[in-house]
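The values are calculated or read from the model by the stated rules, or taken from the named source; none is laboratory data. Predicted model, so just to flag it, every value in this text is computed and none were measured. Quick reminder, even Gly has a Cβ in these numbers, built from the backbone with ideal geometry, and neighbours come from all protein chains shown. The area values use the complete protein model at the heavy-atom level, side chains included, leaving out ligands, DNA and RNA. Shrake-Rupley method; radii C 1.70, N 1.55, O 1.52, S 1.80 Å.
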Amino acid sequence: SGESGAGKTESTKLLLQHIMNLCKGNLQLEQQILQVNPLLEAFGNAQTVMNDNSSRFGKYIQLRFHKNTVRGAKLSEYLLEKSRVVQQDTGERNFHIFYYMFAGLSTVEKEMYGLLDPSLYRYISGQFGTQDVVQHWKHKYQEVCNALDMVGFQEQEQVDMQAILAGVLSLGNVTFEPEERDGSVKVSEASQGWLKAAAVKVNTLDLLVCFLLCFPRSPSVSCCCSPCADARDSIAKVAYSRVFGWIVCKINELLAENVDPEVELREIGILDIFGFENFAVNRFEQLCINLANEQLQHFFNHHIFQMEQSSYKEEELPWETITFNNNEPVLNLLLAKPLGLLSLLDEQSAFPQATDKTLVDKLNSSFKGNLHFEPGRGHVLGFSIIHYAGKVQYMAGGFLEKNRDTLPANIRGLFINSITPLLSVLFTGKALAVLWLAELLIFLCPCQHSLMVLMEKMYSASPHFVRCIKPNSQKEPGVVDSQVVLLQLRYNGLLETIRIRRDGYSWRPSFEEFSER
């Protein structure tokens, strides 16, 4: 755990390499486990203002052992930041894979996928990159292709996957305008070409767009067009998240253990999840990410302080209780039912007439006087939460839409009938059941259910904590900012941890070990 950019993903890779080096065994499997990383990072990581290679999803890697040899592995992914597909803030980028494709595909391949100059696409923000950066992306694209081959993706599957990604980019450029005759909405004349480019991948997309336009007529153009744009973005997000989930499923098929079901396997699990974030502008996604970090901090506190000190008390050892920063009140603020922040968010999401403004009003009245909640000041539509790592101001715009994550009901049929075979596979059969369930975990309540499943796994294990400390805020190598470091040591509870380890009983042999000595 640690802040965004503190080195969690790199530490995870080093830890995996170390474990693999210790247990010489199935070399092919061990290499496969290490080589899936470029694939996961290409589709699940992105550049943010805090980190050039930020994990925008959480992953839990389960290594399964028999007689000290790795016999298989399983990867679970949590809370992919789908909204990044359709929107990025200043100084940030979309998922790496889009840039790798532009840099790595040949001119002929780009023509095949209908890809034009990257600066034309609304879903890709900012400058494309310097020549050195483009060369780096080209190299990364080759790494991805190698990993796809190694995992066992067929050539046609790889073509289909990149066709879907190209279609997502084209779809993002489709815009809407009012019909002069009756005030309904149509695809704008300027974006007809983009619609056709996207429809090459989905032969009935133009039909779907007609369905999308069947919203009640309104005298307000923005009122008419907005639901269509939201539906467009929802299609792009779900298509990308299905591709990502499908990749994880394929990886798990490759890494699954090939042993007798009756053989008992031991397990080491490694959790690498996005770190605490506090940007200039914090949205719904940052709230989900910071909630996950609050729960991990509580898990840390529970094992390091509560369990440790209770064992001293049970054995009647002389001990002066160490106080620590208990973040349970923050978790209650966020998760309590029926009056926690997420419950109130769900409640407002169920009302068709509710707006982000009514949500903020509800939160302000419900949490008045709560020491961990502050209303937005002035005309700011938002609120602040005092997290274990400090105060974060959240902008409430888009909270209800993202929590609802509405997808037109006819979208499943659209994809099932797609002329791109992979799209049809992603929305039918086994793949549909697995991926749809994963999405429901998030749709039903933002990140709550998915995190609950994760925390159950954590509490059933014997945990070891790797705390990653960020040396400076400028992403500079070889520079240690003592104040930045000290702040992290304080809010992570590491100073209290050092004290409890120093004053406590560090060596705890079993009675058998003691008697043998």
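Things worth noting here:
- Residue list for segment 451-487, restricted to those being at positive phi and free of Cβ contacts under 8 Å to residues at least 12 places away in the same chain: Gly478
- Selection count, segment 123-146, where residues are over 21 Å from the mean Cα position of the chain (by Cα) and small (Gly, Ala, Ser): 2
- Scanning segment 97-108 for residues that are touching a residue at least 24 places away in the same chain (Cβ under 8 Å) and either open to solvent by 30 Å² or more (accessible area, probe 1.4 Å) or of a type in the set (A, V, I, L, M) (or both) yields a count of 4.
- Condition met for Asn327 (modelled with pLDDT of 90 or more, crowded, with 17+ Cβ neighbours inside 10 Å, farther than 19 Å from Phe284 by Cβ and among the polar types (S, T, N, Q)): yes
- Filter pass, Pro375 being at pLDDT 95 or above and either closer than 20 Å to Glu401 by Cα or open to solvent by 20 Å² or more (accessible area, probe 1.4 Å) (or both): yes
- Count of residues meeting criterion [of a type in the set (Gly, Ala, Ser), modelled with pLDDT of 95 or more and outside any loop (DSSP other than H, G, I, E, B)] in segment 97-119: 2
- Failed condition for Leu212, given (1) modelled with pLDDT of 85 or more; (2) out of contact with any Leu (no Cβ under 7 Å at 6 or more places or on another chain): (1)
- Residue in segment 269-281 that is more than 30 Å from Met150 (Cβ to Cβ) and open to solvent by less than 20 Å² (accessible area, probe 1.4 Å) present: yes
- From the options Leu432, Leu407, residue that is of a type outside the set (Ser, Thr, Tyr), under 23 Å from the mean Cα position of the chain (by Cα), open to solvent by 40 Å² or more (accessible area, probe 1.4 Å) and at pLDDT below 70: Leu407
- Unmet criterion (only one of (1) modelled with pLDDT of 90 or more; (2) open to solvent by 30 Å² or more (accessible area, probe 1.4 Å)) for Pro261: (1)
- Given (1) buried (at least 16 other Cβ atoms within 10 Å of the Cβ); (2) of a type outside the set (Phe, Trp, Tyr); (3) in contact (Cβ under 8 Å) with a residue 60 or more places away in the chain, index of the condition Gly398 fails: (1)
- Counting residues in segment 85-96 that are assigned to a strand (DSSP E or B), among the hydroxyl-bearing types (Ser, Thr, Tyr) and open to solvent by 10 Å² or more (accessible area, probe 1.4 Å) gives zero.
- Residues (open to solvent by less than 60 Å² (accessible area, probe 1.4 Å) and in contact with a helix residue (DSSP H, G or I) (Cβ under 8 Å, 6 or more places away or on another chain)) located in segment 303-321: Ile304, Phe305, Glu308, Gln309
- Flag if Leu165 is within 30 Å of Cys225 (Cβ to Cβ) and either more than 22 Å from the chain's Cα centre (by Cα) or in the same structural domain as Glu109 (by the TED database) (or both): yes
- Per-region count, segment 156-187, residues touching a residue at least 60 places away in the same chain (Cβ under 8 Å) and in a helix (DSSP H, G or I): 13
- Segment 499-517, subset within 30 Å of Ala389 (Cα to Cα) and open to solvent by less than 100 Å² (accessible area, probe 1.4 Å), residue modelled with the lowest pLDDT: Tyr505
- Scanning segment 172-200 for residues that are among the aliphatic types (A, V, I, L, M), modelled with pLDDT of 85 or more and open to solvent by 50 Å² or more (accessible area, probe 1.4 Å) yields one hit, Ala190.
- Matching residues, segment 61-84, being touching a Ser or Thr at 6+ places or on another chain (Cβ under 8 Å) and closer than 29 Å to Ile124 by Cα: Tyr78, Leu79, Leu80, Lys82
- Selection from segment 25-54 of residues that are at pLDDT below 85 and surrounded by fewer than 18 Cβ atoms within 10 Å (Cβ to Cβ): Gly25, Asn26, Leu27, Gln28, Gln31, Leu34, Gln35
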